[in-house]
Amino acid sequence: MDFVSQWQPHMSIMGVQEEHLVLFDKKRNESVDISFVESKVYCRLDKSHDCEHINFALATPQLGLIWANYKKKQQQQQLKKEREERKASG
């Protein structure tokens, strides 16, 4: 059993999507969607940037993958915006 599982035994990782970490909270019997909003980790269940789900997620390596995908998407959007601005200006 790893540290994260011992520390929060009522939570587990259900899956990793491109921009979301999906947890399961056995105490509440609910899935929990963790993502990044305005470059901050965000729990959609608690509508919070600071809750036990966030603390659990921060202790997982999977969150790093989601952060990398989030940053990549942000950079792509910024490049697209810059290209459109250059195209519009002439």
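Taken over the stretch 12-46, the residue count meeting the criterion of being touching a residue at least 24 places away in the same chain (Cβ under 8 Å) and touching a strand residue (DSSP E or B) at 6+ places or on another chain (Cβ under 7 Å) is 9. Looking only at the stretch 67-90, decide whether some residue is surrounded by 13 or more Cβ atoms within 10 Å (Cβ to Cβ) and in contact with a His (Cβ under 9 Å, 6 or more places away or on another chain). No, there is no match, as no residue in the stretch 67-90 is surrounded by 13 or more Cβ atoms within 10 Å (Cβ to Cβ) and in contact with a His (Cβ under 9 Å, 6 or more places away or on another chain). If you go through the stretch 18-58 and keep only what is closer than 12 Å to GLN8 by Cβ, among the aliphatic types (A, V, I, L, M) and loosely packed, with under 15 Cβ neighbours inside 10 Å, you end up with just LEU58. Across the stretch 1-49, which residue is modelled with the lowest pLDDT among those that are assigned to a loop (DSSP other than H, G, I, E, B) and closer than 17 Å to TRP67 by Cβ? Applying the filter and picking the extreme gives GLU18. Take the residues in the stretch 47-70 that are without any contact (Cβ under 8 Å) to a residue 24 or more places away in the chain and under 11 Å from the mean Cα position of the chain (by Cα), then tell me which one is farthest from VAL16 (Cα to Cα). Among them, the one singled out is HIS49.
The values are calculated or read from the model by the stated rules, or taken from the named source; none is laboratory data. Every value quoted in this text rests on a predicted model; they were computed, and no experiment measured them. Every residue, glycine among them, receives a Cβ derived from its backbone with ideal geometry; neighbour counts consider all protein chains shown.
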